[in-house]
Amino acid sequence: MSEDAGNRLEAEGATLGEAKWAAVRDLGHRFPGITADEVSFEVLADSDEGALVGAEADVEAWRAIADVVPEESPERVRQLITRVVGACGLEATIDVDESAEEIRATVNGEDLGLLIGKHGSTIDALQHLAFRAAFPEPTGERKRVVVDAAGYRERRAATLHRAADRAVEDALSFSRSVELEPMTSPDRKIVHDYLADRTDVQTHSEGEEPERRLVVSPVAP
C-alpha cells in the first residue's frame, strides 16, 4: 500500500477484487466501518502478475452513514455485511449471534465464492472490517468477530488441520523444521491453536506479509 492524501491511497493484490478489498481495508483504519459503497476506484494495473488500484474515500457519504450506525456491536456487524453482500449483487441471508467470547456473522446463500475470495482473502478482509465496525474505539471491552459464509470457516479449518498434521509428521520423522505454505494471520492462528497443546512440536511465524508462514519444529527431548 502507498499513501496519498488523507482520503486517498493505492493498494495491490493478486486479483483486482483483492486489490479493491485491500484498499477498503486500509481506508477502514482511517474511516472505521467504511465499505466499497463509499469508495471510488481507479484501476492502475491489472495483469496476470497482479493488480493495483487507486482508491478515494467519499468522506461525506461515510459521515452520513456513520451518523446512523447502530449502537450495538452485533447490529453494526450486520449492517456492514448486509451492505457488502448487496454491493456484491449476492442473494443471501445474514445471521448474527453473540456469545461471551465472540460475535459470529454467518452469510447463507449460493455462489458465495466472490465473498470468500481466493484462499479466503476477501472474507478475511471483511472480517477485519467487521471487527473495526463493531469496536471503532481503540479502548474498552472487545471480543473476537468471526465472519463465515457457506461453511467456509469449517472447511478451511479442516484443510489447515490436515496440513498441520502432515507438517508434524515430517518434523518428527526427519527431526527438522517444516514450513507451511504462506497463510493469512487468521489461518496461522488456526494452525497455532490446533497444535498448541502438543508437547513434541512448537510453532512460530517467519517472513513478511503476504509471504508470512508458520514453521513447525520438533521439541528437543
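Residues in segment 57-79 that are at pLDDT 90 or above and not polar (S, T, N, Q): Glu72, Pro74, Glu75, Arg76, Val77, Arg78.
Considering segment 121-145 alone, what residues qualify as being crowded, with 17+ Cβ neighbours inside 10 Å, in contact with a Phe, Trp or Tyr (Cβ under 8 Å, 6 or more places away or on another chain) and at pLDDT 90 or above?
Thr122, Ile123, Ala125, Leu126, Val145 - these are the residues of segment 121-145 that are crowded, with 17+ Cβ neighbours inside 10 Å, in contact with a Phe, Trp or Tyr (Cβ under 8 Å, 6 or more places away or on another chain) and at pLDDT 90 or above.
When Arg83, Arg76 are checked against the criterion of being charged (D, E, K, R), outside any loop (DSSP other than H, G, I, E, B), touching a residue at least 12 places away in the same chain (Cβ under 8 Å) and surrounded by 20 or more Cβ atoms within 10 Å (Cβ to Cβ), a single residue qualifies: Arg76.
Residue count for segment 6-35, restricted to those that are among the hydrophobic types (A, V, I, L, M, F, W, C) and either surrounded by fewer than 19 Cβ atoms within 10 Å (Cβ to Cβ) or not in a helix (DSSP H, G or I) (or both): 6.
Can you find, within segment 196-216, the residue that is surrounded by the fewest Cβ atoms within 10 Å (Cβ to Cβ) among those that are in contact with a helix residue (DSSP H, G or I) (Cβ under 6 Å, 6 or more places away or on another chain) and touching a residue at least 24 places away in the same chain (Cβ under 8 Å)? Taking the candidates together, the pick is Val201. Selection of first residues in segment 100-112 that are assigned by TED's automatic domain parsing to the domain that holds Arg76 and of a type in the set (Ser, Thr, Tyr) and of second residues that are surrounded by 11 or more Cβ atoms within 10 Å (Cβ to Cβ) and part of a strand (DSSP E or B), restricted to Cβ pairs under 6 Å at least 6 apart or on distinct chains, gives the following pairs, ordered by first then second residue: Thr106/Asp95; Thr106/Asp148.
Counting only strands (runs of 3 or more DSSP E) that fall entirely inside segment 102-211 and contain at least 3 residues that are more than 30 Å from Gly86 (Cβ to Cβ), the qualifying elements are 201-206.
The values are calculated or read from the model by the stated rules, or taken from the named source; none is laboratory data. No experiment lies behind these values; they were computed from the predicted model shown. Methodologically, a virtual Cβ is constructed for each residue, glycine included, from the backbone with ideal geometry; neighbour enumeration extends over all protein chains shown.
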